[in-house]
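Encoded as structure tokens, the structure appears first; notes follow it.
The values are calculated or read from the model by the stated rules, or taken from the named source; none is laboratory data. The shown structure was predicted, so the numbers you read here are calculated from the model rather than taken from an experiment. FYI the Cβ positions are ideal-geometry reconstructions off the backbone, even for glycines, and counts take in every protein chain you see. Surface areas here come from the heavy atoms of the whole protein model, side chains and all, with no ligands, DNA or RNA. Shrake-Rupley method; radii C 1.70, N 1.55, O 1.52, S 1.80 Å.
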Amino acid sequence: MMLWSWLDTWLHTAQQLAWAPFAEFAFMRRALAGTLALALSSAPLGVLLTLRRMSLFGDALSHAVLPGVAIGFILFGLSLPALSIGGFLAGVTVVAVATRISRSTGLKEDASLASIYLIALALGVMLISMNGSKLDLLHILFGNVLGVDRGGLLLVAGVSSFSLMLGALAYRGLLLESFDPSYLAASGARGGLFQHLFLMLVVMNLVASFQTLGTLMAVGLMMLPAVSARLWHDTLPAQLLNSAVQAALAAYAGLLLSYYSGAPSGPTIILCAAACYLASLLIAPRGCLPRLWRHPCRRA
Amino acid sequence: MKPVIALHDVSVAYRRQAALQHVSGVLAQASLTAVLGPNGAGKSTFLKAVLGLVPVDSGRVEIHVPRKLIAYLPQQAEIDRGFPISVLDCVCLGYWQRLGSLGGLNSAMTEGAQDALRAVGLQGFERRPIGSLSAGQMQRVLFARILVQDADVILLDEPFNAVDARTTDDLLALIRGWHAQQRTVVAVLHDHEQVRRYFPQAVLLARQLVAWGDTADVLAAANLQRARHMADAGSAGNGDRWPELAA
């Protein structure tokens, strides 16, 4: 009897702890909804990025959107639509210029992207520091998930719904384009179309995440669950699903932890994703421990 | 014979470096043609020019079949063999031409893919990820994908590279089956004996067209000698690039 009542109280408290912050505060609910939406749409895109060996691409892009954001900021102040549109345009321009350079000079795509994004980053930082305070810059780079308002939430939800739907419609083409591009091109389909579509979705997701996580942290929610999902499964649909689930878990756990500990929410979410990654590295079927188990002789 | 693909004075260059110059010729319907030549002779470029995968600098390629009815087997190096896809799904990609991004796969199609896997000797491999296959098994899967595609024209880029002898024999039997079904097949190959025995037509390249026609004529000693000279001239005395010719 004692045990039962103790267990009951304990469960009740756990439930309280796990849900109370969201029940109590509207900003926590909005933060949760926003990060969950981002988790669902950006982590699967991250899986596709890793498959194309473009894992660092998101990182480069997250810096590259800065001058567009800066110009939006200078012209319209801290207005979300202006910052987002500016960021989106800058991201798309950087991708287009980088592709153009690599096609016409023979520089590898990552080299031309690296040079263009570094230029964009310097330009963006300069523009912002000449026209605003350091705090503004920090806000743009790191976001503030607890400051998401209704408009911001709608933007995030809209972008993630759009990118999930478009991703589902173009799924087969996206898959074929990264698995066997010459086969796709030989069939007469324009392979470049799928690549552009895909990169546009990546830019959109990074930009959408900027008020919630900031562009820099958004890449973490995109890539960490994606990389660890690849350790779990042999087929793409399972990897995509797994990455979205891990990202959602990280988003929820991160928000909760940051609420109780007072730590900044963005980095806490990413560190929760990192914890999932470390766990996956150890126990996932393609992680370290099962490998040791299967090939004990390789331990030396 | 009705021409399926015709090349008129086709030249291709990569970064101003000529890869293929002034190639003209006709691939007839139901022909079985081997494309031969030293390394860097433009064999793969030949197929890619036909498919429009590389821009043609001058000349033109005429194709008299719908694009959907052309199947292409890229070199294995161009395919990501670590990609998380099952053998059956990979074979089903052969329906891409018919279904595009949106069309639904029906059960008859899945059965067709399973039949194709049986035909290439990979029964029971349906659920395996392609990452677990050997090079020979992977090539069998790609042949199954071509079977599923049911194309009139089949272009194969080095189908027997890094493939064991038994797989080569099995795949060669499939190619001869396609020929018997009146399909047009073009394959980039290296083994002259094999070509002499199974391929009635041949194209010999050394950045330019050396010869195109019946295999016995194309593989005459004089032509092979000429191809070697042209390759040597083009690559500044890299004579060991085609050892089988030196013999």
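Summary of values
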{"read-out": "Relative frequency of Cα-Cα separations exceeding 24 Å in the stretch A:162-300, percent", "value": "44 percent"}
{"read-out": "Residue of A:Ala157, A:Ala114, A:Ala248 that the Gaussian network model of chain A assigns the largest fluctuation, springs spanning Cα pairs under 10 Å", "value": "A:Ala114"}
{"read-out": "Shielding of A:169-180 by partner chains, average beta-carbon count, 10 Å", "value": "5"}
{"read-out": "Protection-proxy order for peptides B:57-64, B:143-150, A:103-110, each taking the mean of Cβ atoms within 10 Å per residue, highest first", "value": "B:143-150, B:57-64, A:103-110"}
{"read-out": "Cα-only radius of gyration and Dmax that characterise the stretch B:120-211, units Å", "value": "14.2, 46"}
{"read-out": "Amide proton proximity set for B:Ala13, modelled H, under 5 Å, gap of 5+", "value": "B:Ala19, B:Asp57"}
{"read-out": "Of all DSSP beta bridges in the protein assembly as shown, antiparallel share, percent nearest 5", "value": "55 percent"}
{"read-out": "Choice from A:Leu231, A:Leu17, A:Leu154 showing the highest fluctuation, given a GNM over chain A with Cα pairs closer than 10 Å", "value": "A:Leu17"}
{"read-out": "Cα gyration tensor shape of chain A, rounded if a/c is under 1.5, else prolate or oblate by comparing a/b with b/c", "value": "oblate"}
{"read-out": "Relative contact order [Cα under 8 Å, 6+ residues apart], chain B, whole percent", "value": "26 percent"}
{"read-out": "Spin-label pair B:Ala220/B:Met1, simplified geometry with 7 Å Cα→Cβ offset, distance in nm", "value": "1.9 nm"}
{"read-out": "Highest-MSF residue in chain A out of A:Gly254, A:Gly220, A:Gly188 [GNM, Cα springs under 10 Å]", "value": "A:Gly188"}
{"read-out": "Spin-label model distance (nm) - A:Thr9 vs B:Ala233, 7 Å beyond Cα toward Cβ", "value": "9.7 nm"}
{"read-out": "Estimated 222 nm signal from helices in chain A, with DSSP H stretches of n ≥ 4 weighted -39500 (n - 2.57), rounded to 500", "value": "-27500 deg cm²/dmol"}
{"read-out": "Cα-based convex hull, the stretch A:1-100, per residue volume (Å³, whole number)", "value": "141 Å³"}
{"read-out": "At least 18 Å along the helix axis (C-alpha) and Kyte average at least 0.5, DSSP helices within chain A", "value": "A:26-51, A:80-105, A:109-131, A:150-169, A:191-208, A:214-229, A:236-261, A:265-283"}
{"read-out": "0 to 90° range, to nearest 10: angle between helix B:135-149 axis and chain B longest Cα axis", "value": "80 degrees"}
{"read-out": "Pairs of lysines in the protein assembly as shown (C-alpha under 24 Å apart; 8 or more residues apart or interchain)", "value": "6"}
{"read-out": "Per DSSP, loop trypsin sites (Lys or Arg not before Pro) in the stretch A:195-300 with at most 15 further Cβ within 10 Å", "value": "A:Arg286"}
{"read-out": "Linear extension gain, B:His8 paired with B:Ser107, 0.36 nm per residue minus alpha-carbon span", "value": "31.3 nm"}
{"read-out": "Cβ-Cβ FRET estimate between A:Leu78 and A:Leu281, R0 fixed at 30 Å, reported to 0.05", "value": "0.15"}
{"read-out": "Scattering profile of the protein assembly as shown at q = 0.05, 0.07, 0.12 Å⁻¹ [log10 I(q)/I(0), Debye over alpha-carbon scatterers]", "value": "-0.28, -0.52, -1.15"}
{"read-out": "On Cα atoms only, tilt of B:165-180 relative to the major axis of chain B in degrees", "value": "90 degrees"}
{"read-out": "Accessible surface, the stretch B:85-151, averaged per residue in Å² (probe 1.4 Å)", "value": "38 Å²"}
{"read-out": "Residue-averaged 222 nm ellipticity for chain B, from DSSP H runs of 4+ at -39500 (n - 2.57), nearest 500", "value": "-10500 deg cm²/dmol"}
